[in-house]
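Below: one structure, written as structure tokens.
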Amino acid sequence: MNHKVTFQPSGKSVLVREGISLLHAARDAGVYIPTRCGGKMGCLMCKVQVDAASAGQLTPPAEAEKRKLGSLIRSGTRLSCQARVRGAVTVTVPEDKLKAAVRKQLEAARNRDREDDLW
């Protein structure tokens, strides 16, 4: 059975077979999720956010994932290499820290330009 996986904030979606990891689904959708360990739960870089409504559409976290994530698991954080699709799900991929910093600087510059235009 195929299920739709949607990645935010890009809005990209893909249909995948049941049991596919979110990391694999992201690659199929052309969504970049960083990883150094190749999906073996070693680097903890592939974290995604899953809202409460979508949590049941993924396999429950195993003990190893719970240990690795600690209290983050309660706020909906999952490792995309470990969470497997069981139904239609929407997940949020956190923005890369470097890209976020650049975006904030560009937004601040645009705001300054707008303020200058007002005078």
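Can you tell me which residues in region 47-63 are of a type in the set (Val, Ile, Thr) and closer than 13 Å to residue 75 by Cα?
48, 50
Between a residue in region 1-12 that is at pLDDT below 95 and any residue that is among the acidic types (Asp, Glu), which pairs come within a Cβ distance under 9 Å, given they are 6 or more apart or on different chains?
Within 9 Å, the pairs are 1/18; 9/95.
Just to be sure before I move on: is residue 91 among the hydrophobic types (A, V, I, L, M, F, W, C), modelled with pLDDT of 95 or more and touching a Lys or Arg at 6+ places or on another chain (Cβ under 7 Å) in the structure I sent?
no
Yes or no: residue 77 of a type in the set (Ser, Thr, Tyr) and under 13 Å from the mean Cα position of the chain (by Cα)?
yes
I want to confirm something. Restricting to region 1-40 and keeping residues that are under 15 Å from the mean Cα position of the chain (by Cα) and within 24 Å of residue 71 (Cβ to Cβ), which single residue is surrounded by the most Cβ atoms within 10 Å (Cβ to Cβ)?
22
In region 78-105, what count of residues is obtained for those that are touching a helix residue (DSSP H, G or I) at 6+ places or on another chain (Cβ under 6 Å) and within 18 Å of residue 43 (Cβ to Cβ)?
5
What residue, of 53, 83, is within 14 Å of the chain's Cα centre (by Cα), on the phi < 0 side of the Ramachandran plot and among the small types (Gly, Ala, Ser)?
Answer to the selection: 83.
Looking only at region 41-58, how many residues end up being of a type in the set (S, T, N, Q) and crowded, with 17+ Cβ neighbours inside 10 Å?
Of the residues in region 41-58, 2 are of a type in the set (S, T, N, Q) and crowded, with 17+ Cβ neighbours inside 10 Å.
Of the residues 70, 56, which single one is closer than 24 Å to residue 4 by Cα and either of a type in the set (Gly, Ala, Ser) or out of contact with any Cys (no Cβ under 6 Å at 6 or more places or on another chain) (or both)?
56
The values are calculated or read from the model by the stated rules, or taken from the named source; none is laboratory data. Worth saying up front: this structure is predicted, and the values here are computed from it rather than measured. Counting neighbours? That spans all protein chains shown, and the Cβs are built from the backbone with ideal geometry, glycine included.
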